[in-house]
Ligand code: ATP
Ligand code: MG
């Protein structure tokens, strides 16, 4: 069986370091690994509209931002098909048929959707499109017969929902769709990076982010203001690591090599943590270390982004070409789905022959 990747992002803002460690970095590695037959990367504008219906301009403006972040991180249109969701009409058709295979109560149980409804203050006025986006996500994944979906931990319920739809479809209509596997980062902290406020997951819609394209000054300011241990007042005080966002980010980003370069007094993160816990290590020193590490990751990304920003029409052309390629693949799957569901009336000669016989008998 071909190995196929599908993943993507909502164009609700520029991409942040949570995306980088949660999915983007891994995607680039997988793209370059040679193990996968096809890689599809989707800018999920239609999904972004489900909770931004009154602000389409926000989505329109952020498509290019996400595309630039992709290219800056090393996604390569020669190796990956990068496309825009709304330009693939087959995805809507697939969603429409999958809706019949899912119950309202099943959707209501989705913990990520529940948390997102709360974060967006929808209360009782939840847009139907938003409520059903896990179904549309199943359409996105299955349209490309994806076997592997590299995403952050918040996507686990979506993947489970997709797998259920695939099983239900295949048992009802015959083997047609591929059941995908989720691929999470091996580093648990990377699966769900918290925001700089130390509360919810870092998320464009909450605004607690460090963006990949941010200036050095902005990043420094954000790191210096990051939430640590509120009881760690004097340098001599013992500090807490749990819930201390600076250490959480170090868990996600720091390697032993970084100590050699920036903090040679320590061999590794365990030693730094132990010092913080027994007291005598100030927040500022740890934050400066984190800042140096982040800049090491982000500087080359920002540099590459600046290069791609010089030819914006080329980026749109790349998205358009990707969308044409993606549509052709989705059309094949939709045809197979319609055939399996027996709603392919005009290309089924057996149907017409059968009907002729039926009406001749009368
Ligand atoms: P929004 O607030 O609009 O939902 P977002 O910041 O949650 O935006 P998405 O576009 O929804 O970003 O997510 C894109 C991908 O990045 C998904 O695979 C998601 O799991 C992953 N991701 C998003 N935020 C994080 C995070 N804080 N840590 C790890 N992975 C993340
Ligand atoms: Mg999200």
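The values are calculated or read from the model by the stated rules, or taken from the named source; none is laboratory data. Quick caveat, the model's predicted, so the values are computed rather than measured. Here Cβ is always computed from backbone atoms with ideal geometry, including for glycine, and neighbour counts include all displayed protein chains.
For residue 247, the stated conditions do not hold, so it cannot be described as closer than 30 Å to residue 339 by Cα, more than 12 Å from ligand 1 (Cβ to nearest atom) and crowded, with 20+ Cβ neighbours inside 10 Å. Within region 48-73, the set of residues being without any contact (Cβ under 8 Å) to a residue 60 or more places away in the chain and surrounded by 15 or more Cβ atoms within 10 Å (Cβ to Cβ) comprises 48, 52, 59, 62, 66, 70.
Is at least one residue of region 102-111 within 16 Å of ligand 2 (Cβ to nearest atom), touching a residue at least 40 places away in the same chain (Cβ under 8 Å) and not in a helix (DSSP H, G or I)? Yes: one or more hits. When the test is whether a residue is at pLDDT below 95 and either farther than 15 Å from residue 133 by Cα or out of contact with any strand residue (DSSP E or B) (no Cβ under 7 Å at 6 or more places or on another chain) (or both), residue 37 does not pass it.
Considering region 190-205, and only residues there that are more than 9 Å from ligand 1 (Cβ to nearest atom) and either surrounded by fewer than 19 Cβ atoms within 10 Å (Cβ to Cβ) or within 16 Å of the chain's Cα centre (by Cα) (or both), the residue that is farthest from residue 243 (Cα to Cα) turns out to be 197.
Out of all the residues in region 173-230, which are in a helix (DSSP H, G or I) and closer than 30 Å to residue 341 by Cβ?
Let us first name the residues in region 173-230 that are in a helix (DSSP H, G or I), namely 173, 188-191, 216-224.
If the condition is that a residue be in a helix (DSSP H, G or I) and closer than 30 Å to residue 341 by Cβ, then 173 is the only one that fits.
Residue 167: within 15 Å of the chain's Cα centre (by Cα) and either within 13 Å of ligand 1 (Cβ to nearest atom) or more than 17 Å from residue 112 (Cβ to Cβ) (or both), yes or no? Considered against the rule, which asks whether it is within 15 Å of the chain's Cα centre (by Cα) and either within 13 Å of ligand 1 (Cβ to nearest atom) or more than 17 Å from residue 112 (Cβ to Cβ) (or both), residue 167 comes out as no. Of the residues 184, 101, 159, the single one that is assigned by TED's automatic domain parsing to the domain that holds residue 334, away from ligand 1 (no atom under 16 Å from the Cβ) and either closer than 22 Å to residue 48 by Cβ or touching a helix residue (DSSP H, G or I) at 6+ places or on another chain (Cβ under 8 Å) (or both) is 101. Contact map, region 128-156: residues that are touching a residue at least 12 places away in the same chain (Cβ under 8 Å) and farther than 17 Å from residue 184 by Cα paired with residues that are within 15 Å of ligand 1 (Cβ to nearest atom) and in a strand (DSSP E or B), Cβ distance under 7 Å, separation 6+ or inter-chain. Pairs shown: 140/6; 140/42; 144/6; 144/40.
The condition (being under 23 Å from residue 33 (Cα atoms), more than 16 Å from ligand 2 (Cβ to nearest atom) and crowded, with 18+ Cβ neighbours inside 10 Å) is satisfied by just one residue among 169, 144: 144.
Within region 14-26, which residues are within 9 Å of ligand 1 (Cβ to nearest atom) and either assigned to a helix (DSSP H, G or I) or at pLDDT below 95 (or both)?
Narrowing region 14-26 to residues within 9 Å of ligand 1 (Cβ to nearest atom): 15-24.
Passing the criteria: 17, 18, 19, 20, 21, 22, 23, 24.
One residue stands out among those in region 8-39 that are under 17 Å from residue 333 (Cβ atoms) and surrounded by 24 or more Cβ atoms within 10 Å (Cβ to Cβ): the one that is nearest to ligand 2 (Cβ to nearest atom), which is 8.
Residue-level check: of (1) buried (at least 17 other Cβ atoms within 10 Å of the Cβ); (2) closer than 23 Å to residue 41 by Cα; (3) touching a strand residue (DSSP E or B) at 6+ places or on another chain (Cβ under 9 Å); (4) without any contact (Cβ under 8 Å) to a residue 40 or more places away in the chain, residue 208 misses just (2).
Comparison of 175, 188, 181 shows that the only residue that is more than 16 Å from ligand 2 (Cβ to nearest atom) and either within 23 Å of residue 12 (Cα to Cα) or touching a strand residue (DSSP E or B) at 6+ places or on another chain (Cβ under 9 Å) (or both) is 181. Region 249-362 holds helices (runs of 4 or more DSSP H) entirely within its bounds, and those carrying 1 or more residues that are under 30 Å from residue 5 (Cα atoms) map to 283-309, 312-340. The residues of region 289-308 that are under 17 Å from residue 263 (Cβ atoms) and free of Cβ contacts under 8 Å to residues at least 40 places away in the same chain, listed by number, are 289, 292, 296.
Can you work out which of the residues in region 76-98 that are more than 26 Å from residue 337 (Cβ to Cβ) and in contact with a helix residue (DSSP H, G or I) (Cβ under 6 Å, 6 or more places away or on another chain) is surrounded by the most Cβ atoms within 10 Å (Cβ to Cβ)? First the steps, then the outcome.
Our first condition is that a residue be more than 26 Å from residue 337 (Cβ to Cβ); within region 76-98, this holds for 76-79.
Still in the running and in contact with a helix residue (DSSP H, G or I) (Cβ under 6 Å, 6 or more places away or on another chain): 77, 79.
Numbers: 77: 20, 79: 15.
It comes out as 77.
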